[in-house]
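Okay, structure first, notes after.
The values are calculated or read from the model by the stated rules, or taken from the named source; none is laboratory data. Please read all numbers here as calculations on a predicted model, not as lab measurements. Glycine also receives a Cβ, built like all others from the backbone with ideal geometry; neighbour counts cover every protein chain displayed. Keep in mind that these areas ignore ligands, DNA and RNA; they rest on the heavy atoms of the full protein, side chains included. Shrake-Rupley method; radii C 1.70, N 1.55, O 1.52, S 1.80 Å.
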Amino acid sequence: MAVAFTKEEDYESQAADLPDRPISSHPNLVTASGLAALEAELAAARAAYQAAQAQGDVSADRTAMARATRDLRYWSARRSTAQLTEPAPEAGKVQFGRTVEIEREEGRRQAFRIVGEDEADPARGTIFYASPLAKALLGKSVGDTAEVNGAEVEIIAVR
């Protein structure tokens, strides 16, 4: 009977031992709003960790504690490596932190702000500076063209 409990406890322990969230090898460049978002995520992770600890019997909910610990490690690492990057704006030049408007060959226009990895969300108009689109556009100016996924885009505005 003791062996059965040991195996069950080992299984629970392994199930709650969530793998770490992967940390990118790219420099952790952030905008001012990205840094604020990182700090908010870190504060939320600390609060979740403290709440999981306050519940006392960790064996009752190993998953909550494991998730809180994993998230705290991730956001602590991201905050400690964050590099606030605010280049001096150059008129009409695509740079980190700026919004670039492009026109695709078929006439469709899109605007994206080039940001750090943790703040990137293409559905909300922000893209990671190391994404193929951002790499193709960075350093170019209004009127320049770039090739993205085998198609040409023209830079029509930079804000």
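Could you provide, to the nearest whole Å², the per residue accessible area of the chain with probe 1.4 Å?
Values: 9580 Å² over 159 residues.
Using a 1.4 Å probe on heavy atoms only, each residue of the chain averages 60 Å².
Where only DSSP H runs of four or more residues are counted, the chain gives -13500 deg cm²/dmol as its mean residue ellipticity at 222 nm, each run worth -39500 (n - 2.57).
For region 44-116, the Kirkwood estimate of the hydrodynamic radius, built from every pair of different alpha carbons, is 16.0 Å. With R₀ set to 35 Å, the beta-carbon distance separating Ser25 from Ala54 gives a calculated FRET efficiency near 0.45.
Sorting the segments 135-146, 27-38 by their residues' average number of neighbouring beta-carbon atoms within 10 angstrom, most packed first, yields 27-38, 135-146.
Summarise the long-distance tail of P(r) for region 31-159 by giving the % of C-alpha pairs beyond 22 Å.
On the way: 4001 of 8256 pairs.
Cα-Cα pairs in region 31-159 separated by more than 22 Å: 48 percent.
Can you pull the Kirkwood radius for region 84-159, inverse mean 1/r over Cα pairs, to one decimal in Å?
Details: mean 1/r = 0.0818 Å⁻¹.
Roughly 12.2 Å, rounded to one decimal.
Determine the dipole magnitude for the chain: charges of +1 sit on the beta-carbon of Lys and Arg, -1 on that of Asp and Glu, nothing else is charged, the reference point is the Cα centre, and the result goes in debye to the nearest 20. List each step's numbers first, then the result.
On the way: 19 positive and 25 negative charges, 78 e Å.
Roughly 380 debye for the chain.
Short-range pairs are left out: with C-alpha atoms under 8 Å and at least six residues apart, the relative contact order of region 69-136 is 17 percent.
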